[in-house]
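The values are calculated or read from the model by the stated rules, or taken from the named source; none is laboratory data. Every value quoted in this text rests on a predicted model; they were computed, and no experiment measured them. Neighbour counts run over all protein chains shown; Cβ positions are idealised from the backbone, glycine included.
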Amino acid sequence: MNYKTNFFLFTFLLGIFFSRAQDSDLPQNHFIEHFTDRMDILGYFNENFQSSLKPLPREYVCHAIMNMDSSILTYRDLHNYFRTRYLVDDDFNDSLRCKPEFTYGLRKHFSWLYQNRRDLISYRSNNFKIYINPILDLRMGLEISNRSNSVPSLYQNTRGASFRIRLGNRLAFYSEVMENQVRLPSFVRLIDSTSVLRGGIFPGVGYWKPFKQNGLDFGLTKAYITYSPLNNLRIKLGRDRNFLGNGVQSLFLSNFAVDYWFTNFRLDLKKIQYYWQISQMVDFIPNKSDAYGRQPAKYSVHHQLFWNPRKNLSFSVFESVIYASATPNQSREFEWQYLNPLIFYRTVEQLIGSADNSLLGISFKWNFLKSLQTYGQLLIDDYNFGNRKVGKGWWGNKVGIQAGLKYINVATIDQLDFQIEFNQVSPYTYGHTNPASNYSHYGQFLAYTYGANARDFHAKLSYQPFPRFFISVDGSYVKKGLDMDGKNYGGNIFRTGNTHFQDYNNTILQGKLLDLKIGHAKISYQLFYTDIYFEIDGWYRIQNSIKEWVVLGGFRMGGFRSLWNF
């Protein structure tokens, strides 16, 4: 048994020893995230609600909404309150169980389905609960583009199932499996030198194979176990994605990449909250032959400390280290020093020879006037004040900034919400002298969607005219500096930092300019109180001189993440 197996067995047994678990997490980008955001900004929660750590645990959301005063909610917020409670509070949901007694025809043989009106199959006893639901995403669409090799028709055919199990108050499981056949738009399929993505890589997708004409066939799966050794400590072990922040983008850790294996600890002491995670990821090698063996492993450690001086105010300090299991000159053992969740990882990284890629960051969130929230992140990949005296724009001064604002009930119109956000990341950020230690997993960015040497503005307007009906319009304006003439201008995090274009006088957006404008509109209707939706999406995308229209509509069952968020 090697050291990698020993490590993950150690974390598993540690969780078992302390186990007294909570429940599974909510799907990311679920409407409940927006509802809890509204309640947080309005000040309706009785204590600080930590919305920066996603996915949100079901029990955490359930506790927050059960302890708020629902009598002060408007009609549509009250409706969303009960929809949320119906989906996250199993005791409340199961108390509404409806078991019709059919005495004739075929229907009497299917009375065991949807007994609680939420889950396809559900069963509970004093110490056991199980909920099983289908996953479907069936969509058809079209693309209009001035690309010469675009394909007009688009589709998605996703089938799968989710399983959620609770054993007493000690142990909980969640598993989700999906099979997909999909034809993506040209701007995703036709990766070229003007794209922000790598050839052969599709966001949120791991291994794939061709399917018919211009289609993809791939599977997606996630599964994890959760434990709660104490009321204020939660342990999660398994395969999933995570998101750190309050914005559309995250400079620390986003859910852009495909799922990965991790163990994390979440400690909640009300005024102080602490998050620690160690992950095993993949240093993806394109077109790898089977004779090479498995894809090389890489590891990451993240921790973030939150301080909440007031219910409406939160600050945090973030640190992360990415390290590869092999360097250009040697193979490495597991760095056991990174298992210390309380240590400052930068000092450890320097002690062992500065072989790894470390990042620091700070963030804040402030709710005010019961209608506004401002938030932000500052990321420091590397910074040397001494080199500022030598000259401007030293290549190693690598930083990222985020600033955002949320405004709910715009102009006192109930459920009309607005968000605006700005992000900027310096050249060479997230990269490293050892390309295996860059801030990526399976060839996909772990944080900012556009990598490095880029900036973007994003705005979104959403409205709920009546219960279960949602309308949203959003747009992004992105600029990114790409490499050209074989020179490294800092926009490709997969190139070694040793090949930087110049030592000084580096500026944001240097290199070949990518100018990208994206408009998106969405209409969604939720059927009953379940996670069943009818949706229509439309995109208008301009990338330099290329213009593309995409329209997609269909039926979705299940609260999982969309594959179309590019």
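Results, tabulated for the structure shown:
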{"item": "Options SER320, SER314: the member that is touching a residue at least 24 places away in the same chain (Cβ under 8 Å) and closer than 25 Å to VAL348 by Cα", "result": "SER320"}
{"item": "Output for the range 388-419, where each listed residue is more than 24 Å from TYR439 (Cα to Cα), more than 20 Å from the chain's Cα centre (by Cα) and not charged (D, E, K, R)", "result": "VAL390, GLY391, TYR407, ILE408, ASN409, VAL410, ALA411, THR412, ILE413, GLN415, LEU416, PHE418"}
{"item": "Elements of type strands (runs of 3 or more DSSP E) contained in the range 449-566, each with 3 or more residues being closer than 16 Å to SER426 by Cβ", "result": "454-466, 469-482"}
{"item": "Residue match in the range 183-193 (condition: in a loop (DSSP other than H, G, I, E, B), basic (Lys, Arg), within 30 Å of ASN488 (Cβ to Cβ) and at pLDDT below 80)", "result": "no"}
{"item": "Selected residue [among the aliphatic types (A, V, I, L, M) and within 26 Å of LYS460 (Cβ to Cβ)] from LEU313, LEU305", "result": "LEU313"}
{"item": "Condition met for SER358 (of a type in the set (S, T, N, Q), closer than 15 Å to PHE318 by Cβ and free of Cβ contacts under 8 Å to residues at least 60 places away in the same chain)", "result": "yes"}
{"item": "Options TYR292, TYR260, TYR275: the member that is farther than 25 Å from VAL188 by Cβ and either touching a residue at least 60 places away in the same chain (Cβ under 8 Å) or crowded, with 17+ Cβ neighbours inside 10 Å (or both)", "result": "TYR275"}
{"item": "Boolean, TYR345 is in contact with a His (Cβ under 9 Å, 6 or more places away or on another chain), closer than 29 Å to TYR489 by Cα, of a type in the set (Ser, Thr, Tyr) and crowded, with 16+ Cβ neighbours inside 10 Å", "result": "yes"}
{"item": "Single residue of LEU167, LEU113, LEU154 found to be free of Cβ contacts under 8 Å to residues at least 12 places away in the same chain and either crowded, with 19+ Cβ neighbours inside 10 Å or among the hydrophobic types (A, V, I, L, M, F, W, C) (or both)", "result": "LEU113"}
{"item": "Breaking point among (1) modelled with pLDDT of 95 or more; (2) more than 12 Å from the chain's Cα centre (by Cα), for LEU244", "result": "(2)"}
{"item": "Residue that is surrounded by the most Cβ atoms within 10 Å (Cβ to Cβ) [pool: residues in the range 48-76 that are assigned to a loop (DSSP other than H, G, I, E, B) and not hydrophobic (A, V, I, L, M, F, W, C)]", "result": "SER52"}
{"item": "Selected residue (only one of ASP456, ASP503 is over 24 Å from GLN156 (Cα atoms), out of contact with any Pro (no Cβ under 6 Å at 6 or more places or on another chain), among the acidic types (Asp, Glu) and surrounded by fewer than 18 Cβ atoms within 10 Å (Cβ to Cβ))", "result": "ASP503"}
{"item": "Per-region count, the range 246-283, residues within 22 Å of LEU339 (Cα to Cα) and either among the aliphatic types (A, V, I, L, M) or part of a strand (DSSP E or B) (or both)", "result": "22"}
{"item": "Hey, GLY475 small (Gly, Ala, Ser), in contact with a His (Cβ under 8 Å, 6 or more places away or on another chain) and either modelled with pLDDT of 95 or more or more than 16 Å from ASN357 (Cβ to Cβ) (or both) or not", "result": "yes"}
{"item": "Pairs with Cβ under 8 Å, 6+ apart, first in the range 496-514 and over 17 Å from GLY451 (Cα atoms) and touching a residue at least 24 places away in the same chain (Cβ under 8 Å), second aliphatic (A, V, I, L, M) and exposed (fewer than 14 other Cβ atoms within 10 Å of the Cβ)", "result": "TYR504/VAL390"}
{"item": "Close pairs from the range 362-389: first within 22 Å of TYR504 (Cβ to Cβ), partner surrounded by 14 or more Cβ atoms within 10 Å (Cβ to Cβ) and of a type in the set (D, E, K, R), Cβ under 8 Å, at least 6 apart", "result": "ILE380/LYS398; ASP381/LYS398; ASP382/LYS398; TYR383/LYS398"}
